[in-house]
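Report on one structure; see the data block that follows.
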Amino acid sequence: QVQVVESGGGLVQAGGSLRLSCTTSRRTSSNNAVGWFRQAPEKEREFVAVISWNGGSTLYADSVKGRFSIIRDRAKNTVDLQMNSLKPEDTATYYCAVARGAVSGRDRSSYQYWGQGTQVTVTS
């Protein structure tokens, strides 16, 4: 059974930090890239970051580059999103997704399994 579960969301003041965690079943993701997306109310779901199957390459949206880091622990089957210097515009539901291939990019259609999301709210 496919399992993608996010955790770690919450309420934080601008300038603060949060760490999101995505746990995936080994069968689902051990050879696949894993990404993070987010969706704010009344907006399209947008790409945030992705990490390749072995953690060797990463890609970030311009809006989060330098503030967010994506980290993969293959032993634990987790992919974390460390978010620093948070801004009110980072407020959204954050989704973890397992890609179809070992590497992936920004296109949502490249991802096959999605979690239910975790809410991040940044207050000014």
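Could you pull out the longest piece of the chain with no exposed loop GluC sites (Glu not before Pro) in it, calling a site exposed if DSSP puts it outside H, G, I, E, B and it has at most 14 other Cβ atoms within 10 Å?
45-124
If you average 1/r over every pair of different alpha-carbon atoms in the chain and take one over that average, what Kirkwood value in Å do you get?
Evaluated over the chain, this radius sits at 14.1 Å.
Using a 1.4 Å probe, what is the accessible area per residue for the chain, in Å²?
Ligands and nucleic acids excluded, the result is 52 Å² per residue.
With +1 on the Cβ of every Lys and Arg and -1 on the Cβ of every Asp and Glu, and nothing else charged, how large is the dipole of the chain about its Cα centre, in debye rounded to the nearest 20?
About 380 debye.
What does the helix-only formula give at 222 nm for the chain: each DSSP H stretch with n ≥ 4 adding -39500 (n - 2.57), the total divided by the residues, and the result rounded to the nearest 500 deg cm²/dmol?
-500 deg cm²/dmol
Can you pull the percent of the chain's accessible area that's carbon plus sulfur, 1.4 Å probe, other chains left in place?
C and S atoms contribute 44 percent here.
For region 42-106, state what percent of all Cα-Cα pairs lands in each successive 10 Å bin, counting from 0 Å until the bin that includes the largest distance.
Final binned percentages: 19, 55, 24, 2.
The values are calculated or read from the model by the stated rules, or taken from the named source; none is laboratory data. None of these values were measured; they are calculated from a predicted model. Because the Cβ atoms are built from the backbone with ideal geometry, glycine has one as well, and the counts that use them run over all protein chains shown. Please note that ligands, DNA and RNA were not included when accessible areas were found on the heavy atoms of the full protein model with its side chains. Shrake-Rupley method; radii C 1.70, N 1.55, O 1.52, S 1.80 Å.
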